[in-house]
Amino acid sequence: MKYQNSHAFSKQLDAADSLSHYRNQFHIPKDSNGKNWLYFTGNSLGLQPKATKEYINQELEDWANLGVEGHFEAKNPWLNYHELLTDKMAKIVGAKPIEVVVMNTLTTNLHLLMVSFYRPTKTKYKIVIESDAFPSDRYAVQSQLKFHGFPEDSIIEWKPKKGEELLDIADLETILEAQGNEIAMLLIGGVNYYTGQFLDLKKIAALGHAKDCVVGIDLAHGAGNIQPNLHESGVDFAAWCTYKYLNSGPGSLAGLFVHEKHANNKNLPRFAGWWNHNKATRFNMRMPFDVMQGAEGWQLSNPPILSMAAILASLAIFDEVGMDALREKSEKLTGYFEYLINEIGSDDIKIITPKNPKERGCQLSIQVKNADKSLHKKLTENNVITDWREPDVIRCAPTPLYNSFEDVYKMVSILKTLL
Ligand SMILES: *Cc1c(COP(=O)(O)O)cnc(C)c1O
């Protein structure tokens, strides 16, 4: 697509965008003068759909009017409420319904998955992560190693080449060739939070499996952003939060994926509670534990319905739009953003996110010369909401559901004056 660097052109792109009206379905925060923020942090906390309040109010009312009977009598009975989310969530990550459940929070899910899938032996126990993995993932992996009695330095880092920012799959291959016999598991961020790089999950799964390693993916920055095709990729497990691109509210519940090939494996060690016990006999309360099939077999507790209501409100929008249409707009929107930044032609900033749209989601990570944090501060003072990540990056995510081409144009105009 041929872009133009003008305000009028950005408005033309909005006029031609069949998804532009979805912006009206979200609350866009404003400054004290009532001027809309230019919100570029949907990768950190997605904005609130206007419908969310109604979905939550429905549950508050059913609780007020029905008390405990709401488990069966609510408009959407609470007992099976999580099932309302499954099909829609499965489509978002390219999974089969049996492979997906919404429960707990992201890091908790990673731990529960590692209970089942990180099965180290005396000689094959090491774990591969990206060198700039999200801190929570690193801590989770370190604590699992410690829990199993292995030194914390049993982590192998998949690093960018010296002087580069992005990961090269060939380097992962080299690690596995050299040390595959000692590696039990790979836990990789499918879309790296820092650079925005979207990795080839299918290749990672194939490389890991060739060396008998379990392969897990953190999709916190992928779910609702790119299509990871989890089932087809063949990865063993994955987890993601719903408060970033999935717009489900601060601290909302997380998704969990376990590949169908493990759906009926009752021998996998796992933690148990009444919610992963067979639904048919759960309320007999006396039965020996009988684990459920598929991803539901990792649940422990009856879930918080108010949080699930917010997820349901958001998934209704994703379901209506579909990931294909969303990706199509996202590639254009981020492409326009990239074009405009490059038009500034400043040596003080550099985009480190891959140039190939197939290797990134909507986020662009802008590296700032001399790690000058004041640029981020000035953007914020000008109502441009981005985030700063140490050591030297401003992350900006134009999200296709509620950011416009005009937002992108205005943002870059402000950035240009600040440089
Ligand atoms: C956001 C994010 C987390 C946050 O974990 P919570 O358990 O939801 O607090 C973890 N890992 C990655 C890669 C993230 O992007």
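The values are calculated or read from the model by the stated rules, or taken from the named source; none is laboratory data. Everything quoted here is computed from the prediction, not taken from an experiment. A quick note on method: Cβ atoms are made from the backbone with ideal geometry, for glycine too, and the neighbour counts reach across all protein chains shown. Heads up: the accessible areas ignore ligands, DNA and RNA and are worked out on the full protein's heavy atoms, side chains in. Shrake-Rupley method; radii C 1.70, N 1.55, O 1.52, S 1.80 Å.
Of the residues Thr123, Ser136, His111, the one whose Cα sits farthest towards the positive end of the charge dipole of the range 82-155 is Thr123 (charges of +1 on Lys and Arg Cβ, -1 on Asp and Glu Cβ, taken about the Cα centre). Let me check against my output: what whole-number percent is the relative contact order of the range 171-247, with C-alpha pairs under 8 Å and at least 6 apart? RCO, the range 171-247: 31 percent.
With all pairs of separate Cα atoms included, the chain yields a Kirkwood hydrodynamic radius of 22.6 Å. Think of a 1.4 Å ball rolled over the protein heavy atoms: the range 57-319 then has 42 Å² of accessible area per residue. Membrane-span-like helices in the chain, defined purely by DSSP H runs whose alpha carbon atoms cover 27 Å or more axially and whose average Kyte-Doolittle hydropathy reaches -1.0, are 323-344.
Of the peptides 364-373, 90-99, the order by per-residue mean of other Cβ atoms within 10 Å, starting with the highest, comes out as 90-99, 364-373. Sort the range 172-228 into rounded, prolate or oblate with this rule: let a ≥ b ≥ c be the square roots of the eigenvalues of the Cα gyration tensor; rounded if a/c is under 1.5, and if a/c is not under 1.5, prolate when a/b is larger than b/c, oblate otherwise. Note, shape of the range 172-228 comes out prolate. Across the range 242-250, rounded Karplus estimates of 3J(HN,Hα) from the backbone phi angles (6.51 cos²θ - 1.76 cosθ + 1.60, θ = phi - 60°) give 10, 8, 8, 5, 8, 6, 10, x, x Hz, Gly and Pro being marked x.
Straight-distance candidates among the aspartates and glutamates for linking to Lys159, with alpha-carbon spacing under 14 Å and chain neighbours fewer than 8 residues away dropped: Glu130, Asp132, Asp168, Asp171, Glu173. Is the shape of the range 91-183 rounded, prolate or oblate, going by the alpha carbon gyration tensor and its root eigenvalues a ≥ b ≥ c, with a/c under 1.5 for rounded and a/b larger than b/c for prolate? Note, shape of the range 91-183 comes out oblate. With each label modelled as a point 7 angstrom along the Cα→C-beta vector, the Ala64-Ala280 pair spans 4.0 nm. The relative contact order of the range 57-319, computed from alpha carbon pairs under 8 Å that lie at least 6 residues apart in sequence, is 23 percent. Lysine pair count for the range 345-394 (Cα-Cα distance under 17 Å; residues 8 or more apart in sequence or on different chains): 4. Per-residue 3J(HN,Hα) values for the range 232-240, derived from phi via the Karplus relation 6.51 cos²θ - 1.76 cosθ + 1.60 with θ = phi - 60°, read 5, 5, x, 4, 6, 8, 7, 8, 7 Hz in sequence order (x marks Gly and Pro).
What chymotrypsin sites (Phe, Trp or Tyr not before Pro) does the range 287-385 have in DSSP loop regions with at most 13 other beta carbons within 10 Å? Of the chymotrypsin sites (Phe, Trp or Tyr not before Pro), the ones in loops of the range 287-385 whose Cβ has at most 13 other Cβ atoms within 10 Å are Phe289.
Shape class for the range 345-388: oblate, because the ratio a/c of the largest to smallest gyration tensor axis (alpha-carbon atoms, square roots of eigenvalues) is 1.5 or more and b/c is at least a/b.
What whole-number distance in Å separates the alpha-carbon centres of the range 95-174 and the range 353-411? The range 95-174 and the range 353-411 have Cα centres spaced 27 Å from each other. Taking the range 198-260, how much of its Cα-Cα pair set, in percent, is spaced more than 17 angstrom apart? The share of Cα pairs beyond 17 Å in the range 198-260 comes to 39 percent. Length available on full extension from Lys203 to Ala15: 0.36 nm per residue minus the Cα-Cα distance, which gives 63.8 nm. Nonpolar atom fraction for the chain, defined as the carbon and sulfur part of the 1.4 Å probe accessible area, stands at 51 percent.
Rounded to the nearest 20, the size of the Cβ-charge dipole of the range 49-189 about its Cα centre is 280 debye, with Lys and Arg at +1 and Asp and Glu at -1.
Using only side-chain charges placed at the Cβ, +1 for Lys and Arg and -1 for Asp and Glu, the dipole size of the range 1-126 relative to its Cα centre rounds to 940 debye.
The antiparallel fraction among DSSP beta bridges confined to the chain stands at about 55%. Around the Cα centre of the range 57-319, unit charges on the Cβ atoms of Lys, Arg, Asp and Glu (plus for the first two, minus for the last two) sum to a dipole of about 640 debye.
Applying 0.36 nm per residue to the separation of Ser136 and Glu83 and subtracting their alpha-carbon distance, the gain on full extension is 16.3 nm. Between Ala272 and Glu177, full extension at 0.36 nm per residue minus the direct alpha carbon distance yields a gain of 30.6 nm. Using the rule -39500 (n - 2.57) for each DSSP H run of four or more residues, divided by the residues of the chain, the 222 nm mean residue ellipticity is -11000 deg cm²/dmol.
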